[in-house]
Amino acid sequence: NILLEGISDYYYLQAFKKILGYDDNLKNTSMIPSVGASQVPLLASLCVGWGLKYVALFDRDNEGIKYADVIQKNLGEFASVTHICDTENCAIEDLFTLNDFNKFILVNTDKQKEDNNISNSKYLKENNIDKALISKLFFDNASKIKTKSLEKTTVDNFKTLYSHIFSSLNIKNKES
């Protein structure tokens, strides 16, 4: 089980599961979106109580760090936590390069991001762009997107994220 902060994480991870060809790797794994970082510890407790293997995946922002610590403190040896990336204030949208973010994420909006000095996630927040909607649209188009359509950095960022997930769940990565 992969416990997620929200529905946009779910859509991006499901999309990249297809794009990267990880369907076989994750055939016995469920992705469970929550309704915010504060609710993930409750899902983790349920997994522990039901004897289920899980990893809680958090953004590396104040909320994500706070609730990852809650799980580690309260669940002790049963805690399994990882972050989307190592960069401070990083969310899943920040794994996309500027070009891929404009081409695949902002494609259905009237906005294009020009400043690479602002994170993708901050850009979405500042421009009141619905994260859930754009992630769903990306997911809906994932079957048409091939790794060669994306920049290598974007692909590598999601491969690294999946590598952390695979490691946390003891899943052998069978590259396709």
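The values are calculated or read from the model by the stated rules, or taken from the named source; none is laboratory data. Source: prediction; values computed, not measured. Because the Cβ atoms are built from the backbone with ideal geometry, glycine has one as well, and the counts that use them run over all protein chains shown. Note: accessible area is taken over every heavy atom of the protein model, side chains too, but ligands, DNA and RNA are not part of it. Shrake-Rupley method; radii C 1.70, N 1.55, O 1.52, S 1.80 Å.
Things to note:
- For Met31, distant residues with modelled amide H under 5 Å away: Ile2
- Relative contact order %, the chain, counting alpha carbon pairs below 8 Å whose residues are six or more apart: 29
- Test item: Cα-centred dipole of region 112-170, Lys/Arg +1 and Asp/Glu -1 on Cβ, debye: 220
- In the chain, the calculated helix contribution to ellipticity at 222 nm averages -12500 deg cm²/dmol per residue, counting -39,500 (n - 2.57) for every DSSP H run with n ≥ 4.
- Cleavage-rule hits, trypsin sites (Lys or Arg not before Pro), region 126-176, DSSP coil, Cβ neighbours within 10 Å at most 13: Lys146, Lys172, Lys174
- Normalised by the number of residues in region 57-110, the average gap of Cα pairs under 8 Å and 6 or more apart makes the relative contact order 37 percent.
- Restriction of the trypsin sites (Lys or Arg not before Pro) in region 24-67 to DSSP coil positions whose beta-carbon has at most 15 other beta-carbons within 10 angstrom yields Lys27, Lys53.
- Dipole size of the chain about its Cα centre, with +1 on Lys/Arg Cβ and -1 on Asp/Glu Cβ: approximately 620 debye, rounded to the nearest 20.
- Restricting the calculation to alpha carbons of the chain gives Rg and Dmax of 15.8, 48 angstrom.
- Per atom type, the chain shows carbon and sulfur on 47% of its accessible surface, probed at 1.4 Å.
- When the GluC sites (Glu not before Pro) in region 70-176 are filtered for DSSP coil states and for at most 11 other beta-carbon atoms within 10 Å of their beta-carbon, the remaining sites are Glu88, Glu114, Glu175.
- Förster-model FRET efficiency, 30 Å R0, Ser163 and Leu52, C-beta, rounded to 0.05: 0.90
- Extended-chain gain in nm, criterion 0.36 nm per residue less alpha-carbon gap, Lys111 and Asp86: 6.2 nm
- Cysteines having no other Cys beta carbon under 4.7 Å from their own, within the chain: Cys47
- Cα-based reach from Lys53 at 16 Å (exclusive), listing aspartates and glutamates while leaving out same-chain residues under 8 positions away: Glu77
- Highest mobility in the GNM of the chain, judged by mean-square fluctuation with C-alpha springs under 10 Å and restricted to Tyr11, Tyr162, Tyr123, is found for Tyr123.
- Cross-link check: pairs Lys73/Lys144; Lys66/Lys159; Lys73/Lys146 evaluated at a Cα-Cα cut-off of 32 Å; pairs beyond the cut-off: Lys73/Lys144; Lys73/Lys146.
- Over all other residues within a Cβ to Cβ distance under 13 Å of Ile65, the charged ones net out to -4, with Lys and Arg as +1 and Asp and Glu as -1.
- Angle in degrees between helix 62-75 and the longest Cα principal axis of the chain, rounded to the nearest 10: 20
- For the chain, the solvent-accessible area with a 1.4 angstrom probe is 53 square angstrom per residue.
- Amide H to amide H, with H built 1.01 Å from N, Ser80 comes under 5 Å of Ala56, counting only residues 5 or more places away or on other chains.
- Among Leu26, Ala37, Ser80 the positive-end extreme of the charge dipole of the chain (Cβ point charges): Leu26
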